[in-house]
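This report refers to the structure that appears directly beneath it.
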Amino acid sequence: MIGKTYRDLISIAVEKTLMDMGIEVVETVSQRLKEDYNSNFADCLENPEYLQRILQEYYGDSYTAIVKKIEDYISEFKTVQSLENFLLVLNK
């Protein structure tokens, strides 16, 4: 099982990145995660493909800039296996 600390870290990193784009973006992505996958931002650590699909759908190729910002937030922890896997899936 993935630790709560890393789930919280992902949740904060994703929410902060999206908040930089506007509250509407946070609400839209959060709503889609809930509606499509019955998930939230913290669940994206174990299922990063959910976030990837939603970001690609809304932002096309520019979703990679969003992923880069998320990666910047968690950069000091990205050698942790679960976070490394999260980033690998997002960067596909």
Residue check: is residue 52 of a type in the set (S, T, N, Q), in contact with a Leu (Cβ under 7 Å, 6 or more places away or on another chain) and closer than 23 Å to residue 75 by Cβ? yes
Among the listed residues 7, 32, identify the single one that is of a type in the set (Lys, Arg), at pLDDT 95 or above and assigned to a helix (DSSP H, G or I). 32
Filtered residues of region 66-92 (kept if over 20 Å from residue 5 (Cα atoms) and either touching a residue at least 60 places away in the same chain (Cβ under 8 Å) or over 12 Å from the mean Cα position of the chain (by Cα) (or both)): 92
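Could you tell me which residue of region 14-52 is surrounded by the most Cβ atoms within 10 Å (Cβ to Cβ), considering only residues that are under 21 Å from residue 84 (Cβ atoms) and of a type in the set (S, T, N, Q)? Show your work before the answer.
In the first step, residues of region 14-52 are kept if they are under 21 Å from residue 84 (Cβ atoms); the result is 14-17, 39, 41-52.
Filter again for of a type in the set (S, T, N, Q), leaving 17, 39, 47, 52.
Numbers: 17: 22, 39: 17, 47: 14, 52: 18.
The selected residue is 17.
The values are calculated or read from the model by the stated rules, or taken from the named source; none is laboratory data. Everything numeric here is computed off the predicted structure, so don't read it as measured data. All Cβ positions, glycine included, derive from the backbone under ideal geometry; neighbour counts span all protein chains shown.
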